[in-house]
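The values are calculated or read from the model by the stated rules, or taken from the named source; none is laboratory data. Fair warning: this is a prediction, and the values are worked out from it, not measured in the lab. No Cβ is skipped: glycine too gets one built from the backbone with ideal geometry, and neighbour counts run over all protein chains shown. Only protein heavy atoms, including side chains, enter the accessible area calculation; ligands, DNA and RNA are left aside. Shrake-Rupley method; radii C 1.70, N 1.55, O 1.52, S 1.80 Å.
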Amino acid sequence: MRQLMTGNYAASYAVKYAGVQVIAAYPITPQTQIVEKLSEMCAAGELKARYINVESEHSAMAACIGASSTGARVFTATSSQGLAYMHELLHWASRARLPVVMTNVNRAMAPGWNVWADQNDSLSQRDTGWMQIYCKSAQEVFDSILMAYKISEKVLLPTMINYDAFFTSHTEEPVDIPDAEKVRDFLPGLRRGRIMDVDDPCAFGTLVAQDTYTEFQYKIQESMQDAKKVITETCAEFKSIFNREYALTEEYKMSDADEVIIATSTMFETASVAVDELRKKGSKTGALRIRYFRPFPSEDIIRALSGKKRALVLDRNISFGAQGIFCQEVLAAAGGKGNMPAISGVVLGLGGR
Amino acid sequence: MKMTIPREELMTKGHTGCQGCGAMLAMRYALKALGKNTMIVIPACCWVVAIGPFPYSALEVPVFASAFACAASTAAGIKAGLEMQGKREINVVAWAGDGGTFDIGLQSLSAAAERNEDIFYFCYDNEAYMNTGRQRSSATPYGAWTMTTPKDSTKNEFKKDIDAIMAAHKIPYMATLSISEPEDFIRKVRKGMGIKGMKFFHILSPCPSGWLSDPSDSVKIARYAVETNIFPLYEVENGEKYIINKKIARKKPVSDYLKLQGRYRYLNESQIKTIQEAADKNWRSLLKKEEFPDT
Ligand SMILES: Cc1ncc(C[n+]2csc(CCOP(=O)(O)OP(=O)(O)O)c2C)c(N)n1
Ligand SMILES: [Mg+2]
């Protein structure tokens with residue numbers, strides 16, 4: 001059924017369809033609508049979940065971590081300052097190997113209060129061990145949440161689904177909401193494996209010495225690498241059921257292109273329009289979207305850029321003292337590889353500009 | 001006399017607590033009361049270390065190590081996760097030190113209390129940040145030495161009244177517990193098991209390394225704390241009904257308690273008098289609360 005809805009409501013509906021059991025969240029613009037809607041769904045009994053009205057984002061993630069450790073499916077949503085406030089527990093969720101799923105509406109960091117689109121919030125959490133997706137539409141938000149549970153529960157690492165403040169969070173778009181039954185087939189009940197269980201008492205997250213600690217970190221890195229395969233398989237299965245296609249990256253008119261615009265989230269939509277305009281003027285331009293930021297799809301990016309003349313990375317974020325973060329990552333992936341284009345970057349669109 | 005303390009041990013040998021650690025006894029008694037159907041969250045504190053190194057555990061119930069500030073919210077999450085899977089009868093426990101309760105964890109504790117989460121929150125109070133090497137917390141008493149309230153500058157403020165703070169949340173049940181009174185300890189935890197909603201337990205927990213006391217004196221120090229009215233034993237129902245569990249006919253002077261502990265070695269007479277007066281005043285106010293619950 002196609003319905004007109006904002007990215008935020010698309011997120012709320014996806015959480016309902018995913019059969020989430022525990023939600024713990026704290027309000028922040030422009031995310032608040034997601035959790036208001038979920039709280040309404042829980043109150044109406046439409047969603048059979050426990051909604052915990054925590055006092056902070058730190059506690060929101062702590063409650064999600066606790067609930068997830070018992071094997072329950074959990075959700076939270078935040079943005080900007082709230083995500084920063086969670087930082088300690090982002091590390092906790094991934095290192096505890098818990099499949100927590102969260103949406104983060106990309107919003108600028110203060111001071112200078114600004115609620116508009118900016119990616120510095122989530123990119124500052126790059127090294128917390130979360131898988132990160134950047135969505136371009138409300139439909140993609142919905143679909144990515146369903147897939148994220150499946151992927152996270154296999155890989156045993158959490159997923160953060162990011163999308164632009166207002167451009168996606170508050171803009172109504174047609175969203176195809178599938179049959180609940182089809183979703184259940186795609187995303188059945190609970191995960192197995194080590195959980196908190198009185199019949200099999202274990203200690204989780206206690207003291208570890210240097211050797212064991214390193215082994216645990218190695219395992220996380222290995223899982224992140226393996227996640228690429230799991231993501232690709234999950235996207236294929238999703239397509240076979242729902243007929244919508246996703247991957248680690250997305251390409252637009254890339255096959256004959258000799259110059260490439262690389263962008264993320266809604267900026268990719270604008271870039272695609274620019275591609276059409278430039279092509280009318282005779283240039284051979286294509287666009288490449290980085291959809292997954294972690295794990296970073298280096299292989300796909302290198303394949304897409306191979307043989308191109310030049311590439312321009314658009315970054316709605318900045319690593320002060322360096323440059324745009326996606327540009328840095330693309331340069332790192334391309335470094336030492338043959339047949340790569342000249343890569344440069346621009347920082348633009350900060351604070352929704 | 002028939003002993004009421006269960007024989008079952010859910011805390012094993014091999015924990016890494018120091019000799020004479022009050023918190024080790026406290027856990028042992030708490031688990032005797034709670035039984036096997038229990039899960040524990042432990043934030044950063046001595047006790048998370050005392051569990052022992054991976055892959056071992058000195059506890060025969062599931063334990064989840066949480067970040068420092070969020071024992072209560074993590075426990076609330078565990079309870080919610082269990083309830084949503086139909087596992088309603090499990091005792092979910094947050095077990096934190098005074099730092100994790102009075103200071104960095106107070107926000108999440110207060111919120112869990114306000115939501116009346118159906119969990120048990122135990123604070124073993126050794127009156128300083130012991131795991132990081134004995135620094136002052138807001139639970140450190142007036143006049144005590146710590147590494148950050150050194151000689152010439154011992155603590156000049158009184159201990160934060162966490163019990164009054166918790167009572168003000170009107171939680172269904174709270175009690176103070178002492179390792180010197182195991183029967184009273186276990187009885188009150190058992191009473192909490194019959195009550196739905198937030199249960200808060202405050203245990204004074206002698207720490208020989210931090211209190212500079214003889215490890216063999218720990219139980220005695222805990223008993224003196226009760227017998228001097230430094231740490232009275234009582235319960236509060238719904239934040240208003242106070243029940244004092246032990247009224248001492250001939251209470252000891254606080255100096256009996258203080259002089260067993262090297263952390264008080266810099267006290268002068270006037271400071272000891274201040275501590276005595278504070279203990280007396282606190283006791284009178286407790287008696288009043290018991291007698292006139294509406295005031
Ligand atoms: C956010 C954060 N800050 C600081 C620490 C360091 N730290 C670990 S345990 C601890 C003190 C704990 O004190 P308390 O809660 O009283 O327990 P105790 O060690 O005395 O048993 C501190 C400061 C930490 N783990 N996390
Ligand atoms: Mg302490």
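How large is ³J(HN,Hα), in whole Hz, for each residue of segment B:138-145 in order, when computed from phi with the Karplus curve 6.51 cos²θ - 1.76 cosθ + 1.60 and θ = phi - 60°, using x for Gly and Pro?
6, 8, 5, x, 3, x, 7, 7
Could you give the dipole magnitude of the protein assembly as shown about its Cα centre, charging the beta-carbon of Lys and Arg +1 and that of Asp and Glu -1, in debye to the nearest 20?
On the way: 77 positive and 73 negative charges, 204 e Å.
Roughly 980 debye, rounded to the nearest 20.
Averaged over peptide B:83-92, how many Cβ atoms belonging to another chain are found within 10 Å of each residue's Cβ?
Values: counts 6, 12, 8, 0, 5, 0, 1, 4, 1, 3.
Taking the mean over all residues of the peptide, I get 4.
State the extension gain, in nm to one decimal, for the chain segment bounded by A:S283 and A:L4, taking 0.36 nm per residue of separation less the distance between their alpha-carbons. List each step's numbers first, then the result.
Details: separation 279, 0.36 × 279 = 100.44 nm, distance 3.61 nm.
Additional length available on full extension: 96.8 nm.
In segment A:34-73, which GluC sites (Glu not before Pro) fall in coil by DSSP and have 15 or fewer other Cβ atoms within 10 Å? Working shown, then result.
On the way: sites: A:E36, A:E40, A:E46, A:E55, A:E57; in loops: A:E46, A:E55.
Those satisfying the criteria are A:E46.
Could you check the simple spin-label distance between A:D226 and A:I302, using points 7 Å along Cα→Cβ, in nm with one decimal?
Once both label points are built, they end up 2.2 nm from each other.
Residue farthest toward the positive end of the dipole of segment A:2-242, with Cβ of Lys/Arg at +1 and Asp/Glu at -1: which of A:L207, A:F186, A:V15?
It is A:F186, whose Cα lies furthest towards the positive end.
Show the residues, 5+ positions off or on another chain, whose built amide H is closer than 5 Å to the amide H of A:V175.
A:Q3, A:L4, A:M5
For peptide B:28-38, how many partner chain Cβ atoms fall within 10 Å of a residue's Cβ, on average? The partial results should precede the final answer.
Values: counts 0, 0, 0, 0, 0, 0, 0, 1, 3, 2, 2.
Per-residue shielding by partner chains comes out at 1.
Could you give each residue of segment B:238-254 its phi-based ³J(HN,Hα) in whole Hz, using Karplus coefficients 6.51, -1.76, 1.60 with θ = phi - 60°, and x for Gly or Pro?
In residue order, the calculated couplings are 6, x, 10, 8, 8, 10, 7, 8, 9, 10, 8, 5, 10, 5, 7, x, 4 Hz.
For the pair B:L212 and A:V346, what calculated FRET efficiency results from E = 1/(1 + (r/R0)^6), where r is the Cβ-Cβ distance and R0 = 60 Å, to the nearest 0.05? Walk me through the numbers on the way to the answer.
Details: r = 63 Å, r/R0 = 1.05.
About 0.45, to the nearest 0.05.
Return the percentage of antiparallel bridges among DSSP beta bridges fully within the protein assembly as shown, rounded to the nearest 5 %. Could the numbers behind the result be given before it?
Details: 20 of 81 bridges.
Close to 25 percent.
If you take the accessible area of A alone plus B alone and subtract the pair, what total do you get in square angstrom, rounded to 100, with a 1.4 Å probe? Could you put the intermediate results ahead of the total?
Numbers: alone 15700 and 13380 Å², together 26110 Å².
Interface area, both chains combined: 3000 Å², rounded to the nearest 100.
Does a label point 7 Å from the Cα of A:D200, set along Cα-to-beta-carbon, have any residues of segment B:62-103 with amide nitrogen under 15 Å, and which are they?
B:62-63
Over the protein assembly as shown, what percent of the accessible surface lies on carbon and sulfur atoms, probe 1.4 Å? Working shown, then result.
Details: 13650 of 26110 Å².
For the protein assembly as shown, the apolar C and S fraction of the accessible surface comes to 52 percent.
Please name which of B:T16, B:W145, B:T101 has its Cα lying farthest along the dipole of chain B towards the positive end, using unit charges on Cβ (Lys, Arg +1; Asp, Glu -1) and the Cα centre as origin.
B:T16
Could you pull out the chymotrypsin sites (Phe, Trp or Tyr not before Pro) across segment A:86-125 that fall in loop regions by DSSP (anything but H, G, I, E, B) with no more than 16 other Cβ atoms inside 10 Å?
Working: sites: A:W92, A:W113, A:W116; in loops: A:W113, A:W116.
Sparse-neighbourhood loop chymotrypsin sites (Phe, Trp or Tyr not before Pro): A:W113.
Using +1 on the beta carbon of Lys and Arg, -1 on that of Asp and Glu, and nothing else charged, what's the dipole of segment B:159-205 about the Cα centre, debye to 20?
On the way: 9 positive and 5 negative charges, 51 e Å.
Here the size comes out at about 240 debye.
What does the accessible area per residue of segment B:1-101 come to in Å², with a 1.4 Å probe and no ligands, DNA or RNA counted?
36
Placing +1 at every Lys and Arg Cβ and -1 at every Asp and Glu Cβ, with all other atoms neutral, what dipole size does segment B:22-291 have around its Cα centre, in debye to the nearest 20? Walk me through the intermediate numbers first.
Details: 36 positive and 29 negative charges, 76 e Å.
Magnitude of the dipole: close to 360 debye.
What whole-number distance in Å separates the alpha-carbon centres of segment A:19-48 and segment A:55-77?
Taking the Cα centre of segment A:55-77 as reference, the centre of segment A:19-48 is 13 Å away.
Of the options B:V48, B:G86, B:N238, report the single residue whose Cα projects farthest towards the positive end of the charge dipole of segment B:22-291 (beta-carbon charges: Lys, Arg +1; Asp, Glu -1).
Of the candidates, B:N238 comes out farthest on the positive side.
Please give me, ordered by residue number, the GluC sites (Glu not before Pro) of segment A:228-277 that lie in loop per DSSP and have at most 13 other Cβ atoms within 10 Å. The partial results should precede the final answer.
Values: sites: A:E233, A:E237, A:E245, A:E250, A:E251, A:E259, A:E269, A:E277; in loops: A:E245.
Hits after loop and neighbour filter: A:E245.
What whole-number distance in Å separates the alpha-carbon centres of segment B:104-149 and segment A:196-275?
40
Taking 25 Å as R0, compute the FRET efficiency from the Cβ-Cβ separation of A:E88 and A:K219 and round it to 0.05. List each step's numbers first, then the result.
Details: r = 21 Å, r/R0 = 0.84.
Efficiency, rounded to the nearest 0.05: 0.75.
For peptide A:69-78, how many partner chain Cβ atoms fall within 10 Å of a residue's Cβ, on average?
Numbers: counts 9, 15, 5, 8, 2, 4, 0, 0, 0, 0.
That works out to 4 on average.
What are the residues whose amide H is under 5 Å from the amide H of A:N104, where those residues sit 5 or more places off or on another chain and H is modelled from the backbone?
It is A:T78, A:I161, A:N162, A:Y163, by chain and number.
Quick one: ranking B:K196, B:K36 by accessible area, 1.4 Å probe, largest first, what do you get?
Ranking B:K196, B:K36 by accessible area, largest first, yields B:K196, B:K36.
Between A:R126 and A:N53, what is the FRET efficiency for a Förster distance of 35 Å, r being their Cβ-Cβ separation, to the nearest 0.05?
E between A:R126 and A:N53, to the nearest 0.05, is 0.70.
Which whole-Hz couplings ³J(HN,Hα) result when phi for each residue of segment A:117-125 is put into the Karplus expression 6.51 cos²θ - 1.76 cosθ + 1.60, θ = phi - 60°, listed in order with x for Gly and Pro?
5, 5, 9, 5, 5, 6, 5, 5, 9
Using protein chains only and a probe of 1.4 angstrom, how many square angstrom of B:T132 are accessible, to the nearest 10?
100
Between the chain alone and the structure with every protein chain in place, find the residues of segment A:37-67 that drop at least 50 Å² of accessible area; heavy atoms, 1.4 Å probe.
Residues passing the criterion (a loss of at least 50 Å², heavy atoms only) are A:R50, A:E55.
Output the relative contact order of segment A:96-219, whole-number percent, from Cα pairs under 8 angstrom with separation of 6+ residues.
On the way: 147 pairs, mean separation 36.3, N = 124.
Relative contact order here is 29 percent.
What percent do you get for the relative contact order of chain B when only Cα pairs under 8 Å and 6+ apart count?
Working: 594 pairs, mean separation 50.9, N = 295.
17 percent.
Rolling a 1.4 angstrom probe over the protein chains, ignoring ligands and nucleic acids, what is the accessible area of B:K159 in square angstrom, nearest 10?
60
Per residue of the protein assembly as shown, what 222 nm ellipticity follows from adding -39500 (n - 2.57) for every DSSP H run with n ≥ 4, rounded to the nearest 500?
Values: 22 runs with 249 residues, N = 648.
Counting only the DSSP helices, I get -11500 deg cm²/dmol.
Please report how far the C-alpha centroid of segment A:302-333 lies from that of segment A:107-132, rounded to the nearest whole angstrom.
If you average the Cα positions of each part, the centres end up 18 Å apart.
For segment A:249-352, what is the accessible area per residue in Å², given a 1.4 Å probe and the full set of protein chains? Mind dumping the intermediate values first?
On the way: 4490 Å² over 104 residues.
It amounts to 43 Å² per residue over segment A:249-352.
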